[in-house]
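Engineer: Shown below is the structure under consideration.
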């Protein structure tokens, strides 16, 4: 897995955070993010940046971008925050089927775990989202490293 794309809705909270965590965990992997309804050009949400800083991650250079077909083609793995986002990407870009997965990994026999959107909520929601993102990213990084 050389190229990983993380996706959420606006590309200012969850996917840029997941991008930063995965870059830290997989330094030799190209990781980038996009949104299904991106707030194009906007910086990461200030609360997302604050929580990231608490974990020695820097989101200050991030600018939101809209998901495009070429991104789905280029990525080896596409990690979304919610199962509905997986379904939407597969509807828009059928050729991406098989490489779109939820970042939140489920326990055996359970559906994927959605990572709730903290947008326009308080610091607690952003901290909870970060914890779920970090857990999912660690699990995916472990899987990827075992395959390498």
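The values are calculated or read from the model by the stated rules, or taken from the named source; none is laboratory data. Everything numeric in this text was worked out from a predicted model, so none of it was measured. In this analysis, Cβ positions are derived from the backbone assuming ideal geometry, glycine residues included, and neighbour counts consider all displayed protein chains.
Engineer: Among the candidates 118, 112, 94, single out the residue that is under 23 Å from residue 41 (Cβ atoms) and either more than 11 Å from the chain's Cα centre (by Cα) or modelled with pLDDT under 95 (or both). Break it down stepwise before answering.
Structural biologist: Working: 112 fails: under 23 Å from residue 41 (Cβ atoms); 94 fails: under 23 Å from residue 41 (Cβ atoms).
Going through 118, 112, 94 in turn, the sole match is 118.
Engineer: I'm trying to understand the selection: among the residues of region 34-48, which are crowded, with 23+ Cβ neighbours inside 10 Å and more than 18 Å from residue 75 (Cα to Cα)?
Structural biologist: Hits for region 34-48 are 44, 45, 48.
Engineer: If you don't mind, another one. Considering only residues that are assigned to a loop (DSSP other than H, G, I, E, B) and touching a residue at least 24 places away in the same chain (Cβ under 8 Å), look in region 57-66 and name the one that is surrounded by the fewest Cβ atoms within 10 Å (Cβ to Cβ). Outline the logic, then answer.
Structural biologist: Taking region 57-66 as the starting set, the residues that turn out to be assigned to a loop (DSSP other than H, G, I, E, B) are 57-65.
Imposing the further condition that a residue be touching a residue at least 24 places away in the same chain (Cβ under 8 Å) reduces the set to 57-59, 62, 64-65.
Working: 57: 19, 58: 11, 59: 21, 62: 23, 64: 23, 65: 18.
The selected residue is 58.
Engineer: Further, regarding this structure: Go through region 34-48 and report how many residues are in contact with a strand residue (DSSP E or B) (Cβ under 7 Å, 6 or more places away or on another chain), more than 14 Å from residue 119 (Cβ to Cβ) and in a loop (DSSP other than H, G, I, E, B).
Structural biologist: 1
Engineer: State whether the residues of region 54-69 include one that is closer than 19 Å to residue 132 by Cα and under 12 Å from the mean Cα position of the chain (by Cα).
Structural biologist: No, that holds for no residue.
Engineer: On to the next question. Among the residues of region 67-109, count how many are crowded, with 17+ Cβ neighbours inside 10 Å, part of a helix (DSSP H, G or I) and either on the phi > 0 side of the Ramachandran plot or in contact with a helix residue (DSSP H, G or I) (Cβ under 8 Å, 6 or more places away or on another chain) (or both).
Structural biologist: Matching residues across region 67-109 total 4.
Engineer: Further, regarding this structure: If you check 31, 51, which single one turns out to be out of contact with any strand residue (DSSP E or B) (no Cβ under 9 Å at 6 or more places or on another chain) and either buried (at least 18 other Cβ atoms within 10 Å of the Cβ) or in contact (Cβ under 8 Å) with a residue 60 or more places away in the chain (or both)?
Structural biologist: Within the list 31, 51, the selection yields 51.
Engineer: Given the conditions (1) more than 14 Å from residue 81 (Cα to Cα); (2) assigned to a loop (DSSP other than H, G, I, E, B); (3) out of contact with any strand residue (DSSP E or B) (no Cβ under 9 Å at 6 or more places or on another chain), which single one is not true for residue 127?
Structural biologist: For residue 127, the exception is condition (2).
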